[in-house]
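The values are calculated or read from the model by the stated rules, or taken from the named source; none is laboratory data. Remember, it's a predicted structure, so these values are computed and weren't measured experimentally. Here the Cβ positions follow ideal geometry from the backbone for every residue, glycine too, while neighbour counts run over all protein chains shown.
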Amino acid sequence: MMAAFQAPATVGEVLKHEPMSRHTSWRVGGPADLFFKPASLDDLSEFLKNLDADVPVFWFGLGSNLLVRDGGLRGVVIAASGLFTDLEKTGERRVRVGASVPCTQLARQCIRWGFGPSEFFAGIPGLVGGALAMNAGAHGSETWERVRVVRTIDRHGELHTRIPNDYQIAYRTVTGPAGEWFVEAELEFDADADASMETLKEMLARRKDTQPLGLPSCGSVFRNPPGDYAARLIEASGLKGCRIGDAEVSEKHANFIINRGDATALDVENLIMHVQQTVADTTGIELIPEVRIVGEEESS
């Protein structure tokens, strides 16, 4: 636990020593020193402007692609998932979408407007902000293929407007100005692409049939290596059902690690490393985690 610090005055909610296990989709993770839910963009901006410069800040979305270690997170966790929820049509094929909008909601609304290709967003299990941060994708398409403009807020509470050229974008990787977080984006779709609600429904049904959606997980744990699939390599290495503590490689989809009830973050992380090592030994391919691992190990 870091030394106590004074949180700036705020309209929003500030929780001390808040267990991150209450907020991550894996249902694991130690406490955050402070967990801040801003009441508005102005509230967030003022909070950041008045926060001591040496206090770490961690931006938190839906917690669907995140493993927080059992020792928790130092500094302030900013949970703005209910804040940036605007979704509007701004042009013939253009959309302004807040970072807190679920990707599935974005997909449904774009299809209603006849904007395509947009169905793939339904295959991303999280919020638009997380999709922007990692260039999330599904069914052969990626988030940043559609991005024309983004707006961010920085460590000092200042807002910025940026374009894709301000970032280095690759498969499941986005690198840009340090200390900034996505607030919203403007997306553009193709004029000649068909947008089908039936296709979206088929994607969601296939996801339900092939993924363990009823159990705590983070979605896909590993990136797909070039020309192959992580799930195929994990299954070929005999790892389906492999278990450490209550963390288990899903029998339904090998690129999912599920919490059977009482898994710790250490169980999950150890299983991730075991899968990596076994696949490397078996196939010669090194799997790269897609999940973000953060925080401190629990002290003994």
- Item | Scan of the stretch 98-116 for residues that are at pLDDT 90 or above and in a loop (DSSP other than H, G, I, E, B), ordered by number | ALA99, SER100, VAL101
- Report yes if ALA138 is at pLDDT below 95, out of contact with any strand residue (DSSP E or B) (no Cβ under 7 Å at 6 or more places or on another chain) and either hydrophobic (A, V, I, L, M, F, W, C) or assigned by TED's automatic domain parsing to the domain that holds LEU41 (or both), otherwise no. yes
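Select from the stretch 220-259 the residues that are among the hydroxyl-bearing types (Ser, Thr, Tyr) and either in the same structural domain as THR173 (by TED's automatic domain parsing) or surrounded by 16 or more Cβ atoms within 10 Å (Cβ to Cβ) (or both) and list them in ascending order.
To start, the set of residues in the stretch 220-259 that are among the hydroxyl-bearing types (Ser, Thr, Tyr) comprises 220, 229, 237, 250.
Within the stretch 220-259, SER220, SER237, SER250 qualify.
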- Cβ-Cβ below 6 Å, separation at least six or inter-chain, first residue in the stretch 186-209 and modelled with pLDDT under 75, second assigned to a strand (DSSP E or B): which pairs? ALA193/GLY116; ASP194/GLY116; ALA195/GLY116
- Query: Inside the stretch 154-173, can you point out the residues that are loosely packed, with under 13 Cβ neighbours inside 10 Å, without any contact (Cβ under 8 Å) to a residue 24 or more places away in the chain and part of a strand (DSSP E or B)?
  - Reply: THR161, GLN168
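Is it the case, given these coordinates, that GLU248 is among the charged types (D, E, K, R) and touching a Cys at 6+ places or on another chain (Cβ under 9 Å)?
Working: among the charged types (D, E, K, R): yes; touching a Cys at 6+ places or on another chain (Cβ under 9 Å): yes.
It is true that GLU248 is among the charged types (D, E, K, R) and touching a Cys at 6+ places or on another chain (Cβ under 9 Å).
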- State the number of residues belonging to the stretch 117-135 that are buried (at least 19 other Cβ atoms within 10 Å of the Cβ) and either modelled with pLDDT of 90 or more or farther than 25 Å from ARG223 by Cα (or both). 9
- Message: Is it the case, given these coordinates, that THR173 is at pLDDT 90 or above, within 18 Å of GLY61 (Cβ to Cβ) and in contact with an Asp or Glu (Cβ under 6 Å, 6 or more places away or on another chain)?
- Response: no
- Note on the structure: Of (1) surrounded by fewer than 17 Cβ atoms within 10 Å (Cβ to Cβ); (2) touching a residue at least 24 places away in the same chain (Cβ under 8 Å); (3) in contact with a Ser or Thr (Cβ under 9 Å, 6 or more places away or on another chain); (4) of a type outside the set (Val, Ile, Thr), HIS274 satisfies every one except (3)
- Message: Quick check on my filter: what residues within the stretch 174-186 are of a type outside the set (Gly, Ala, Ser) and either within 20 Å of VAL101 (Cβ to Cβ) or not in a loop (DSSP other than H, G, I, E, B) (or both)?
- Response: VAL174, THR175, GLU180, TRP181, PHE182, VAL183, GLU184, GLU186
